[in-house]
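The block underneath contains the structure these notes are about, expressed in structure tokens.
Where a number appears in this text, it was derived from the coordinates with a stated rule and is not lab data. On a predicted model such as this, the values are computed, not experimentally measured, just so you know. Note: ideal-geometry Cβ built from the backbone for every residue, glycine included; neighbour counts use all protein chains shown.
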Amino acid sequence: MTPEDIEHLAATLKTRSGLILGSDKTYLIESRLAPVARREGFANVAALLTALRTKRDEKLMVAVTDAMTTNETFFFRDKVPFDQFKSDILPALAKTRISGDIKVWCAACSTGQEPYSLVMLMDEMQMLFPRIKLDILATDISDRCLEKAQAGLYTQFEVQRGLPITMMVKHFEKVDEMWRISPKIRSSVRYKKMNLLDDLRMVGKQDVIYCRNVLIYFDLETKKRVLEQMANLLADDGCLFLGAAETVLGITDVFKPMPGMRGLYIKNAASAQAPIRKTA
Ligand SMILES: C[S@@+](CC[C@H](N)C(=O)[O-])C[C@H]1O[C@@H](n2cnc3c(N)ncnc32)[C@H](O)[C@@H]1O
């Protein structure tokens, strides 16, 4: 791999997905792009990178960008954001949503475990909130991830990561070596391809945004731009979940942390209206 090719790849990824290549980049490039090189008929990753730089092949650029994304996820990841939804956010929003709809956006949903965890959680809570329906939009930049999410098919390993056995028995069926999520749960999530670097206004107003474990890959300016767009989309009494290693502090003041609730943020300007203040 030539320094020129690596530089071009880094610039392409930053412009297209916001990803900043870290210091371990050679290893990462090699491991992520070897399957793409093979699939597309290149002798090796170096040849793929040269083609990427010298030919304007949009399909190849999309495939490379997709392959370089980190898609790590699992059911009920980190537990706390789901516990907080159940104990504080859902009860608070249920009091004020006359229509019964609570709009939730999973902004980098990967292979679907995050939105499906919310649907299964709501299924458990439905008796307490019979009028309430979650309207879940799940988006990601990766076609590969969205296809898997929509198929709702998971390996044994994937269903064993974070998913309580009672939920697995209730909502999944075995299909050959895989586990398929029930049509009821699957059809409760709307999937859409979306790049967080784009204009996000088409997402529309949301009550809750889960934007977890994606901002860590962006530079400061990109994080700020994404967060400020999200603040515009979020209802004044809504909230934003970030990943355990992410924060708004030092990036923007459109959000502020909810005291005592790790990873949860509310809008700064509208905090007087926020009903989610039980533990504040
Ligand atoms: C590590 S996964 C996080 C999945 C889930 N939110 C969680 O916390 O388990 C990060 C996801 O962000 C997506 N992603 C990366 N850059 C993106 C961008 N610019 N726009 C939208 N999604 C992006 C990747 O495709 C990947 O699926």
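As a proxy for reagent exposure, ranking Phe255, Phe82 by other Cβ atoms within 10 Å from fewest up yields Phe82, Phe255.
Summed over qualifying helices (DSSP H, 4 residues or more, each -39500 (n - 2.57)) and divided by its residue number, the chain shows a 222 nm mean residue ellipticity of -12000 deg cm²/dmol.
Please pull out the direction-averaged projected area of the chain, using the convex hull of its alpha-carbon atoms, in nm² to one decimal place. Please list the in-between numbers first.
Details: hull surface 63.0 nm².
Across all orientations, the chain yields a mean hull projection of 15.7 nm².
For the residues Arg32, Arg190, Arg56, a GNM of the chain with alpha-carbon springs under 10 Å puts the largest fluctuation on Arg56. For the range 171-227, the extents of the C-alpha atoms along the principal axes are 46, 25, 18 Å, listed from largest to smallest. Scalar couplings 3J(HN,Hα) for the range 97-112, obtained by applying the Karplus form with A = 6.51, B = -1.76, C = 1.60 to θ = phi - 60°, are 8, 4, 5, x, 8, 10, 8, 10, 10, 9, 7, 8, 7, 6, 8, x Hz; x denotes Gly and Pro. Rounded to the nearest Hz, the phi-derived 3J(HN,Hα) couplings of the range 163-170 under the Karplus curve 6.51 cos²θ - 1.76 cosθ + 1.60 (θ = phi - 60°) are 8, x, 4, 4, 6, 5, 5, 6, where x marks glycine and proline.
Can you compute the equivalent ellipsoid semi-axes for the range 130-243, i.e. the square root of 5 times each eigenvalue of the Cα gyration tensor, sorted largest first and rounded to whole Å?
Gyration-tensor ellipsoid for the range 130-243: 29, 17, 13 Å.
Each peptide in 128-135, 238-245, 208-215 was scored by the mean count of other Cβ atoms within 10 Å over its residues; highest first, the order is 208-215, 238-245, 128-135.
Summarising the amide proton neighbourhood of Leu19: residues at separation of 5 or more, or on other chains, whose placed amide H is nearer than 5 Å comprise an empty set. Available extension along the chain between Ser31 and Ala51 is 5.4 nm, counting 0.36 nm per residue and deducting the alpha carbon span.
About the centre of its Cα atoms, the chain shows a dipole size close to 660 debye [charges on the beta carbon of Lys, Arg (+1) and Asp, Glu (-1) only; nearest 20 debye].
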